[in-house]
Every structure is written in C-alpha cells, then in structure tokens.
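Below is one structure, written out as structure tokens; comments come after it.
Bear in mind that the values in this text are calculations on the coordinates, not laboratory data. Predicted model, so just to flag it, every value in this text is computed and none were measured. When we count neighbours, we look across all protein chains shown, and the Cβ atoms used for this are built from the backbone with ideal geometry, even at glycine.
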Amino acid sequence: MADSAAQATAPAYVYDVKMTCGGCSGAINRVLTKNVEAPNAFSVSLETQKVVVWGPSLPAFDDLTAKIAKTGKEIREKEEVKDNKRLAELVSV
C-alpha cells in the first residue's frame, strides 16, 4: 500500500535508490505492491530518491532488498531502522 513517508513508523527500511524517471519509480512501486501487504505500507519518492517501507510485519530486509535490486535500479544506500527518531531524520532528508 503506497502511503506518505511522513506517516512512517519504525520498524522500517529506508533505501536511497537511483530513479531518473516515472518509469523507474513505477518499477519500484510494482515490486513493493506485490511484496508488501497491509498493515505494512510504503512510499516511493522520485523527487527525494527515497523508498521507505514500514509496518509491524515486514518481509525480511534482505529479501525485500533483493526484490528492489532485481528491478535493475541502483540501491545507493539502505538501512533497517528500528528507532522512530532515526527514521524521522532519514525521511526528512
């Protein structure tokens, strides 16, 4: 479920993904739609190059990272976040 990263709460995964167009962000959206089920949620921002996935029952970090990597988009940074303060810092950048 796509949502606003401003609503994200830990635990969460935060990725910096190189996306140059709507097709790039669309590919990430499609992968996350297939792999992230409610009550979990995600946000993909072409503008900030951030992908944020959060919720109480997330898929394994390495598994989801591999799914995003399979889109062919470069993951420049990735972090598993367990603290809401740290998450707020990452999402606001």
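Connecting C-alpha atoms closer than 10 Å in a GNM of the chain, tell me which of 37, 47, 79 has the biggest fluctuation.
In this elastic network of the chain, the residue with the biggest mean-square fluctuation among 37, 47, 79 is 47.
Dipole of the chain (Lys/Arg Cβ +1, Asp/Glu Cβ -1, origin at the Cα centre): which of 56, 27, 38 lies farthest to the positive side?
Comparing the listed Cα positions along the dipole, 27 ranks first.
Which of (1) -0.44, -0.66, -1.35, -1.44; (2) -0.24, -0.47, -1.46, -1.59; (3) -0.31, -0.56, -1.38, -1.48 is the computed log10 I(q)/I(0) by the Debye sum over Cα atoms at q = 0.11, 0.15, 0.25, 0.26 Å⁻¹ for the structure on display?
Matching entry in (1) -0.44, -0.66, -1.35, -1.44; (2) -0.24, -0.47, -1.46, -1.59; (3) -0.31, -0.56, -1.38, -1.48: (2).
Take residue 18, project a point 7 Å from its Cα along the Cβ direction, then tell me which residues of the stretch 76-93 have their backbone nitrogen under 20 Å from it.
Zone members listed by number: 76-79.
About the Cα centre of the chain, how large is the charge dipole given +1 on each Lys and Arg Cβ and -1 on each Asp and Glu Cβ? Please answer in debye to the nearest 20. Don't skip to the end; give the middle numbers.
On the way: 12 positive and 12 negative charges, 45 e Å.
In debye, rounded to 20, the chain gives about 220.
For the chain, what number of Lys pairs, 8 or more residues apart or on separate chains, have alpha-carbon atoms under 23 Å from each other?
20
Given a Förster radius of 30 Å and the C-beta distance between residue 70 and residue 92 as r, what FRET efficiency does 1/(1 + (r/R0)^6) yield to the nearest 0.05? Mind showing how you got there, number by number?
On the way: r = 29 Å, r/R0 = 0.96.
The pair residue 70/residue 92 has a calculated efficiency of 0.55.
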